[in-house]
Amino acid sequence: MGFEAMRLLAKRSIKTALQMPARSLISGAVVPVMPLAMRKRMVLKLGSRGFLARSFLVAELLADLARTDPAEYHRFLWENHVGGPAHAKTYEVSHRFGDEKLRTSRRELFQFLCSQLGRRGMDPQKEVKSVFDVGCSLGYVLRFVETDVFPAATCLRGMDVDRYAVETGNTYLRQAASKIELVAGDVSELDQIMGERTYDVVLCCGVLMYLDEDAAARAVKAMLDHTRGLLGLINLADPRADNAQLTCSYVRSEDLGFVHNVGLMVRQAGGHVVFRKWTGPGEAARYTRNPPLFTLARPGTDPREPQGFVLH
């Protein structure tokens, strides 16, 4: 083992050792006697003072909520812009805007979308006029859409439960003279937020992993109801086998994210899948975080088999 590797190992070991007393204190003395509502207020108070860079505090203070209701645990962290790297705390303008910061999976989704639109005789550069992003955060994906993917779009809207991200993103986008409009709201309010309008393209990247099976299915139906062209989804790929084999959703242990059979949800919502790609363990190294499941869908039924492939 080289010197640098030994130094990093020692640093991690010291950090873990320093955290252990705090973990033991919180789990043994705080959680059993302090009501959940009070611990939530404590998390918000600590977060407002910048202490939650150490995300283990959140995990310990809300461990019982995470265990019994992971969907509510995720919603609380996102809605209040707190938590560790998997939640809203890393979503700041300086970390997210810029072509070079866009994740590989998002770039691939747009390649698949443009290819499918082209197959349907539609020029993505000229004919996509409206886009809606569910779970837009700061609006950085929509900004990439506006400048690089669908430059002719005149209606670019997004919604997110994280009000801080929405307000921060709107301020940044106004300064950039962008057409993008972001609104704060919960995914359960999609129908009301999207209104009577349908969109050429609806996006939903990495959102359904924070929703339980019923809520995710309702969200898929709401998105399809407001899709005129294509619905583009990125979700967690089941590392064991293609998600299409799942009979029900499950929660993975490492981060309490929900793994869904999204194609089944699309069909149950009255839509059909036109393209899908499951990424297996052999391709996981290409992605900095979660290996993705890509799904492109349209409203209405179609007897033809979806175009797409599975990577093992």
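A simple spin-label model places the labels of Ala241 and Asp191 3.5 nm from each other, with each point 7 Å out along Cα-to-Cβ.
Each residue of the range 231-248 is assigned a 3J(HN,Hα), and the resulting list reads 9, x, 10, 10, 9, 6, 7, 5, x, 8, 6, 3, 4, 4, 8, 6, 8, 7 Hz, derived from the Karplus form 6.51 cos²θ - 1.76 cosθ + 1.60 (θ = phi - 60°), x at Gly and Pro. Here the gap between Thr147 and Lys101, fully extended at 0.36 nm per residue and compared with their Cα-Cα distance, gives a gain of 15.1 nm. With the simple model of a label 7 Å out from the Cα in the direction of the Cβ, Glu283 to Lys126 spans 3.2 nm. Put simply, the amide H of Leu203, placed in the peptide plane, has neighbours under 5 Å in Phe132, Asp133, Val134, Gly232, leaving out anything fewer than 5 places away on its chain. Backbone geometry of the range 64-76 corresponds, through the Karplus equation with coefficients 6.51, -1.76 and 1.60 at θ = phi - 60°, to 3J(HN,Hα) couplings of 5, 5, 4, 6, 8, 8, x, 5, 5, 4, 4, 4, 4 Hz, x marking Gly and Pro. Stretching Arg267 away from Thr68 to a fully extended chain increases their span by 68.7 nm, per 0.36 nm per residue minus the current alpha-carbon distance.
Between Arg252 and Thr154, how high is the FRET efficiency from 1/(1 + (r/R0)^6) when r is the Cβ-Cβ distance and R₀ = 51 Å? Nearest 0.05.
Between Arg252 and Thr154 the formula returns 0.80.
Amide H contacts of Thr227 (H built 1.01 Å from N, in plane; Pro and chain starts excluded): Tyr199 sit under 5 Å, all sequence-distant by 5 or more or on other chains.
If I take R0 = 51 Å and measure r between the Cβ atoms of Thr198 and Phe56 in this structure, what FRET efficiency does the formula 1/(1 + (r/R0)^6) give, to the nearest 0.05? Please report the intermediate quantities before stating the final value.
Details: r = 44 Å, r/R0 = 0.86.
So the FRET efficiency works out to roughly 0.70.
Between the C-alpha center of the range 60-74 and that of the range 94-166 there is a gap of 31 Å.
Could you tell me which of the pairs Lys126/Lys277; Lys179/Lys277; Lys45/Lys179; Lys40/Lys277; Lys40/Lys101; Lys101/Lys277 are separated by over 28 angstrom between their Cα atoms in the structure shown? Where the Cα-Cα span goes over 28 Å, the pairs concerned are Lys179/Lys277; Lys45/Lys179; Lys40/Lys277; Lys40/Lys101.
Once you have a ≥ b ≥ c as the square roots of the Cα gyration tensor eigenvalues for the range 102-311, tell me rounded if a/c is under 1.5, and otherwise prolate or oblate according to whether a/b is larger than b/c. The shape class here is rounded. Extension gain for Lys40 to Asp214 (0.36 nm times residue separation, less C-alpha to C-alpha distance): 60.1 nm.
Read the figures in this text as sums done on the coordinates, not as results from a lab. Small disclaimer: the values here were computed from a predicted structure and weren't measured. Methodologically, a virtual Cβ is constructed for each residue, glycine included, from the backbone with ideal geometry; neighbour enumeration extends over all protein chains shown.
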